[in-house]
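First comes the structure, then the notes that go with it.
The values are calculated or read from the model by the stated rules, or taken from the named source; none is laboratory data. Note that the structure is predicted; figures quoted are calculated from it, not measured. Here the Cβ positions follow ideal geometry from the backbone for every residue, glycine too, while neighbour counts run over all protein chains shown. Heads up: the accessible areas ignore ligands, DNA and RNA and are worked out on the full protein's heavy atoms, side chains in. Shrake-Rupley method; radii C 1.70, N 1.55, O 1.52, S 1.80 Å.
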Protein chains: 2
Amino acid sequence: MARGDARGTTGAGRGRRRTERPVPEGPPTLATVAARAGVSRQTVSNAINNPALLAEDTLAKVERAIADLGYSPNLAARTLRTRTTRLIGLPFEPAQEGTANALMDRFVHTLVEATREMGYHVLLFASDPEEAEVGYERMLRSTAVDAFVVTDTYRGHPQVDYLQQRGALFVAFGRPWSHDDDGEPPTHPWVDVDGAAGVAQATHHLIDRGHEVIAWLGWTADQPIGEDRRAGWMSAMRGRGLSTTRLSVRGDGTMEYGRRATHALIDARRPTGLVCVSDTVAMGAMRALHERGLVAGRDIAVTGFDDSQVAQTVSPGLTSVRQPLEEVARALAHRLELLLGHRPVEEPGLLLQPTLVVRESS
Amino acid sequence: MARGDARGTTGAGRGRRRTERPVPEGPPTLATVAARAGVSRQTVSNAINNPALLAEDTLAKVERAIADLGYSPNLAARTLRTRTTRLIGLPFEPAQEGTANALMDRFVHTLVEATREMGYHVLLFASDPEEAEVGYERMLRSTAVDAFVVTDTYRGHPQVDYLQQRGALFVAFGRPWSHDDDGEPPTHPWVDVDGAAGVAQATHHLIDRGHEVIAWLGWTADQPIGEDRRAGWMSAMRGRGLSTTRLSVRGDGTMEYGRRATHALIDARRPTGLVCVSDTVAMGAMRALHERGLVAGRDIAVTGFDDSQVAQTVSPGLTSVRQPLEEVARALAHRLELLLGHRPVEEPGLLLQPTLVVRESS
DNA sequence: CACGCGGCTTGGAACGTTCAACACGGACCG
DNA sequence: CGGTCCGTGTTGAACGTTCCAAGCCGCGTG
């Protein structure tokens with residue numbers, strides 16, 4: 001051991017006195033760089049965090065040393081000192097197989113990308129939907145993350161209330177669904193996709209193709225997202241003066257539901273267009289058509305929602321509403337950046353427009 | 001500044017003069033708990049990390065204080081001291097839309113769950129496949145993670161070599177594909193799914209149903225995974241004394257490839273069974289059948305690989321090989337646990353068996 | 001010429017934890 | 001009976017970074 005005074009010294013004197021410094025084990029530190037550049041620790045720190053403070057030549061010298069040694073700051077030490085982890089927590093719910101989890105892949109990926117550009121990383125953590133607070137609380141108390149991205153504001157989302165009164169920083173994928181039991185409505189930043197507008201697009205698309213009897217296959221009425229989408233169908237129909245009576249069906253989102261509902265609708269109302277709340281339901285509808293010897297797109301038009309892998313692959317291709325998940329992720333990242341910089345978020349809520357991907361089914 | 005003696009003191013004198021105590025801002029620390037329990041810092045630390053060292057009543061006292069204050073250790077401080085982040089890095093490649101990314105959801109979720117049970121979290125980071133080393137290097141130098149889970153050992157995986165000679169800890173989803181240009185073969189822990197066995201199952205399934213002319217629709221020959229699966233078809237056919245000549249086709253994995261190849265095969269060889277390297281290719285095959293007025297499962301049997309959402313949803317349902325991704329994740333987590341505990345991994349490699357999910361297409 | 005000031009740099013202290021070394025009483029052993 | 005060891009608990013010192021107050025220098029100003 002006894003590594004001598006500094007790594008970068010030209011070995012002029014080599015008069016290393018005593019057992020001063022232990023082996024260079026491990027990555028270089030601020031002190032290592034400072035010794036090499038001939039400045040103090042703090043100056044190196046400034047070179048990294050506040051380069052404007054340094055004189056030009058000093059900065060160059062330090063940067064040179066940093067590059068030579070391949071130094072990067074120890075995150076733990078920085079975290080300890082600044083109380084900032086540069087980590088974003090993303091709760092990861094138990095995957096419900098068969099639903100739209102594939103979508104999340106697009107979303108998560110862009111989120112990782114966007115947060116990386118602002119110097120942050122994404123930390124996954126399991127969140128038991130029953131006891132969601134437990135997971136969040138542990139994260140907060142151990143100061144493991146700086147902020148959260150909440151993605152499941154859907155079903156009643158107690159997390160949002162909890163986080164808000166806990167004073168935690170977070171942004172939400174999903175608007176605050178009118179939740180005014182007590183006190184003011186939530187004011188956290190959020191980004192969402194305008195489902196109603198997407199479904200309205202799909203409905204208009206069918207109307208433009210000459211359809212007049214267009215049915216809605218939705219989710220149960222307790223799901224705000226489903227009701228939002230339904231409103232899009234409703235307004236599109238009314239806007240063009242078309243009747244909606246006995247054309248709206250609700251149920252769980254399964255394929256089997258879609259299949260049966262379609263059979264029932266055809267028997268009762270002979271619709272020529274089916275606007276569905278999800279691709280899964282739309283697939284059920286297409287199966288029902290198939291069972292009757294009908295062809296989607298020729299005999300009856302069908303549209304879905306999510307532009308899932310299935311919609312893209314199935315034959316005939318399923319017309320579907322595609323959410324701009326990449327944009328959502330980027331917008332959320334931007335809000336996070338403001339939030340973390342303690343700057344005001346000028347416009348907390350943002351509603352993005354989805355696009356209609358037209359395929360053979362319509 | 002001058003944080004005073006301890007937070008837990010009963011305010012006997014209340015003689016706090018001026019600007020003495022800066023409010024107990026922030027979460028409780030070891031010292032807070034220690035004061036409350038009437039023991040030293042270190043004793044509290046031991047209560048958490050090494051409870052066996054404490055006397056029974058002391059332990060109870062400390063645990064009581066911990067619960068009362070709702071204390072959890074500051075991770076940054078612990079990391080700084082122990083050089084252990086309790087984080088696992090998971091590189092997140094640019095999603096290639098349309099391929100089997102939905103699978104990863106199942107995998108990632110179980111991984112999060114399993115690592116949580118061992119007290120670890122999963123950290124996502126973007127990894128440019130071109131410059132993979134950069135991402136890993138940054139993670140390592142800033143001591144951001146303790147280990148990696150590498151999932152893309154597929155195409156040439158330079159990462160594995162790099163990590164190995166860098167001395168980094170990691171486990172791989174995917175076996176080391178015989179890579180012996182120089183030096184010994186990689187010896188890192190890995191878990192993989194026996195694709196050949198899966199395809200052999202599918203092939204046997206078709207043979208048992210009376211099929212004799214069974215074709216293979218694979219990927220290009222440079223993809224080890226594809227060739228592995230192909231070997232399963234080949235061995236199953238030969239094992240039952242069936243010919244394979246002019247029944248094997250290779251190409252990119254697109255639906256269009258599957259469609260064309262199927263048309264060509266039917267014209268040339270009139271197969272009654274099609275074993276496909278992926279669900280996507282199988283969907284192309286089914287489309288070709290449809291175009292010829294044939295029905296999958298009645299006229300010609302088709303099998304896929306991955307048991308994707310599409311296979312489950314499409315009509316007729318697609319028979320497919322399902323990978324035990326949950327088991328893979330758990331096995332990897334277990335290996336990580338050994339690796340991180342510096343215990344020897346008795347059996348570094350593990351090959352898991354997939355299962356065949358039979359549906360109407362066969 | 002003393003003084004103040006701004007630009008640049010510096011050493012000391014702190015963040016909260018764990019490691020190393022050691023103190024203390026009692027039991028065990030030669 | 002003296003030494004050693006075990007069980008239990010304590011204190012000081014690190015880990016690598018950033019904040020704070022202060023130092024140094026040259027220069028313009030009263």
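Remarks
- Selection status of B:GLY232, surrounded by 16 or more Cβ atoms within 10 Å (Cβ to Cβ) and out of contact with any Pro (no Cβ under 9 Å at 6 or more places or on another chain): yes
- Residues that are open to solvent by 60 Å² or more (accessible area, probe 1.4 Å) and more than 12 Å from DNA strand D (Cβ to nearest atom), drawn from the stretch A:79-90: none
- Matching entry among B:GLY273, B:GLY198, B:GLY251 (being at pLDDT 95 or above, open to solvent by less than 30 Å² (accessible area, probe 1.4 Å) and more than 24 Å from B:GLY317 (Cβ to Cβ)): B:GLY251
- Hits in the stretch B:290-319 - residues which are within 27 Å of the chain's Cα centre (by Cα) and either aliphatic (A, V, I, L, M) or in the same structural domain as B:LEU169 (by TED's automatic domain parsing) (or both): B:VAL310, B:ALA311, B:VAL314, B:LEU318
- Some residue of the stretch A:308-316 being farther than 24 Å from A:VAL112 by Cβ, surrounded by fewer than 18 Cβ atoms within 10 Å (Cβ to Cβ) and within 13 Å of chain B (Cβ to nearest Cβ): yes
- Residues in the stretch A:257-272 include none that are in contact (Cβ under 8 Å) with a residue 40 or more places away in the chain and under 21 Å from A:THR355 (Cα atoms).
- None of B:TYR120, B:TYR162, B:TYR154 is within 19 Å of the chain's Cα centre (by Cα) and at pLDDT 85 or above except B:TYR120.
- Pair list, Cβ < 9 Å and 6+ apart or interchain, from the stretch A:321-344 residues that are over 11 Å from A:PHE170 (Cα atoms) to residues that are of a type in the set (Phe, Trp, Tyr) and in a helix (DSSP H, G or I): A:GLN323/A:PHE107; A:LEU325/A:PHE107; A:GLU326/A:PHE107; A:VAL328/A:PHE107; A:ALA329/A:PHE107
- Complete set of residues in the stretch A:45-89 that are in contact with a strand residue (DSSP E or B) (Cβ under 9 Å, 6 or more places away or on another chain) and either among the basic types (Lys, Arg) or more than 8 Å from chain B (Cβ to nearest Cβ) (or both): A:ARG86, A:ILE88, A:GLY89
- Qualifying residue in the stretch A:68-82 (condition: modelled with pLDDT of 90 or more, among the β-branched types (Val, Ile, Thr), closer than 30 Å to B:VAL112 by Cα and in a helix (DSSP H, G or I)): yes
- So B:ARG238, is it at positive phi, surrounded by fewer than 16 Cβ atoms within 10 Å (Cβ to Cβ) and either out of contact with any Phe, Trp or Tyr (no Cβ under 7 Å at 6 or more places or on another chain) or in a loop (DSSP other than H, G, I, E, B) (or both): no
- Odd one out for A:ARG141 among (1) modelled with pLDDT of 90 or more; (2) touching a Ser or Thr at 6+ places or on another chain (Cβ under 6 Å): (1)
- Within the stretch A:83-117, the set of residues being modelled with pLDDT under 90, within 15 Å of the chain's Cα centre (by Cα) and not in a helix (DSSP H, G or I) comprises A:PRO91, A:PHE92, A:GLU93, A:ALA100.
- A:VAL357 within 13 Å of another protein chain (Cβ to nearest Cβ) and buried (at least 24 other Cβ atoms within 10 Å of the Cβ): no
- Whichever residue in the stretch B:24-78 is open to solvent by 30 Å² or more (accessible area, probe 1.4 Å), away from DNA strand D (no atom under 13 Å from the Cβ) and among the small types (Gly, Ala, Ser) and, among such residues, is farthest from A:ARG86 (Cα to Cα): B:ALA67
- Scan of the stretch A:276-294 for residues that are away from every other protein chain (no Cβ under 11 Å) and open to solvent by 60 Å² or more (accessible area, probe 1.4 Å), ordered by number: A:ARG292
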